[in-house]
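Following this message is one structure expressed as structure tokens.
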Amino acid sequence: MPWIHFHVGNGGVAKACCVANIPYGNINKQNLEEIWNGEPIEKLRKKFAKGEKDNRCATCYKLEAVGGKSIRQETFEKFPNIKIENPSDQLPVYFDIRFSNVCNFRCRTCWHGASSKWFSDAKVLGNNIGEKAIIQNIDDFDLFLKKTGKALLQAEEIYFAGGEPLVTEEHYLMLNWLIENKATQMRLRYNSNFSKLRFKNYDVLELWKHFSEVEILASIDGVGELGEYIRKEMKWETIEKNRKAIEDLTHVKFKIAPTISVFNIRHLPKLYQYCLAEKIIQPDDIYINILERPNHYNIKILPTAYKTMVEKEYHSFFEKENPTLIVRSMLQECLDYMNAEDLSNAWKKFEVETQCLDQLRNENLSDLLSFVEVDNI
């Protein structure tokens, strides 16, 4: 990834990826070339070229150790023909630009740094980032295009995440800019709550028609009320309506991309079965994102008895439904990750945080999920 990938996150900081906290520089203060050929990224390239690990990449190492697929491995699969050459002659081809934290949801597993909608709740809880709801990462969009335009025009993939890209104006400005410059050869890839297909005067379906390949990873964590509880402001009927709206766009690939947490680990087979039965997805159209942080939502915190129950239910699903090898592998990955470590000392923190948000939002997790088995341990 240090040879092909350019990620910009909070405050305009360019990092190794969206997971590892390995800063290279700041796009608001430097040109892309300065960052791309700078000392921090060169140091990491040399380290990786020798086959050495970096402790800041622990998330990928942990996932791989239990048989999961990491971002590192996914990148090899997506770019099999890339040859690592002189980086000064080789611009990044894979972009992940987070323009701001603008979002229209308050997902349980998110925070103010990645969602402007979280601001009011975060202020009450005392974990807001600054005194404004919206946090801009790119100070000047036009200047950003001047700094990165040469590389963006030859990109192979642009990944949009958030905040929520479909309610972020800079996302639409970039698509229009790419279309105007006849640079539509790249794959557009989204991590999106998929709640909006129109924003202001923009119609994203019309813009997507200019690009040869679009992949949507829809952040859906549960069916109906559970999904709406985890991703506050989500309306299940809106997701179904928007899914139907893209049925005729054959170049748009749709997958569900649940974030696997304490809230939905037991529910995951049901979510998959429902989406398959309702023709929301095809058999292999699921992409799992196993939550690592915050610790108190990590599935490793579940007590042993609850983990055993989840495992039994998954194996029953395997036997009765006989899912595809890809789906079986993904669900087994969740089980292996869950059982790889005992973090049950964080269970109390989960209960406290859940109760606080339930009171703030006038909700009750126990109306949707029962952890009675855990309480009786």
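The values are calculated or read from the model by the stated rules, or taken from the named source; none is laboratory data. Nothing here was measured: the structure is a model prediction, and the numbers come from that model. Every residue, glycine as well, gets a Cβ built from its backbone with ideal geometry; the counts of neighbours run over all protein chains shown. Areas reflect the complete protein model, heavy atoms only, side chains present, ligands, DNA and RNA absent. Shrake-Rupley method; radii C 1.70, N 1.55, O 1.52, S 1.80 Å.
I'd like the full set of residues that are closer than 30 Å to residue 125 by Cα, open to solvent by 20 Å² or more (accessible area, probe 1.4 Å) and not β-branched (Val, Ile, Thr), limited to segment 304-356.
Passing the criteria: 341, 342, 343, 344, 345, 347, 348, 349, 351, 353, 355, 356.
Quick grid of which residues meet (1) modelled with pLDDT of 95 or more; (2) under 30 Å from residue 242 (Cα atoms); (3) part of a helix (DSSP H, G or I); (4) not small (Gly, Ala, Ser):
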site: 275; (1), (2), (3), (4): yes, yes, yes, yes
site: 292; (1), (2), (3), (4): no, yes, no, yes
site: 350; (1), (2), (3), (4): yes, no, yes, yes
site: 357; (1), (2), (3), (4): yes, yes, yes, yes
site: 370; (1), (2), (3), (4): no, no, no, no
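Hey, can you tell me all the residues within segment 205-222 that are in contact (Cβ under 8 Å) with a residue 40 or more places away in the chain, in a loop (DSSP other than H, G, I, E, B) and open to solvent by 30 Å² or more (accessible area, probe 1.4 Å)?
Within segment 205-222, the subset in contact (Cβ under 8 Å) with a residue 40 or more places away in the chain is 205, 208-209, 211, 213, 215, 217, 219-222.
The next check asks that each one be in a loop (DSSP other than H, G, I, E, B); those that pass are 209, 211, 219-222.
Passing the criteria: only 209.
So which of 114, 65, 122 is open to solvent by 80 Å² or more (accessible area, probe 1.4 Å) and small (Gly, Ala, Ser)?
On the way: 114 fails: open to solvent by 80 Å² or more (accessible area, probe 1.4 Å); 122 fails: open to solvent by 80 Å² or more (accessible area, probe 1.4 Å).
Only one candidate qualifies: 65.
Among the listed residues 132, 83, which satisfies the condition of being among the basic types (Lys, Arg), part of a loop (DSSP other than H, G, I, E, B) and closer than 28 Å to residue 188 by Cα?
None of the other options fit; the residue is 83.
Considering only residues that are under 29 Å from residue 111 (Cα atoms) and polar (S, T, N, Q), look in segment 272-303 and name the one that is surrounded by the most Cβ atoms within 10 Å (Cβ to Cβ). Explain how you work it out, then say what you get.
Of segment 272-303, the ones under 29 Å from residue 111 (Cα atoms) are 272, 274-275, 280-281, 285-303.
Subsequent filtering for residues that are polar (S, T, N, Q) retains 289, 295, 298.
Details: 289: 16, 295: 14, 298: 22.
So the residue we want is 298.
Of everything in segment 221-272, what is under 19 Å from residue 69 (Cβ atoms) and of a type in the set (Lys, Arg)? Give them in sequence order.
Residues satisfying the conditions are 253, 255.
I've got another one for you. I'm checking my understanding of the structure. Among residues of segment 357-367 that are open to solvent by less than 60 Å² (accessible area, probe 1.4 Å) and not basic (Lys, Arg), which one is farthest from residue 300 (Cα to Cα)?
Step one: list which residues in segment 357-367 are open to solvent by less than 60 Å² (accessible area, probe 1.4 Å), which gives 357-358, 361, 363, 365.
Now restrict to residues that are not basic (Lys, Arg): 357-358, 363, 365.
Values: 357: 21, 358: 22, 363: 25, 365: 19 Å.
Going through the qualifying residues, I end up with 363.
For segment 297-323, which residues satisfy the criterion of being of a type outside the set (D, E, K, R) and farther than 21 Å from residue 345 by Cβ? I'd like the intermediate steps shown before the answer.
Kept after step one, since they are of a type outside the set (D, E, K, R), are these residues of segment 297-323: 297-299, 301-306, 308-310, 314-318, 322-323.
Result: 314, 315, 316, 317, 318, 322, 323.
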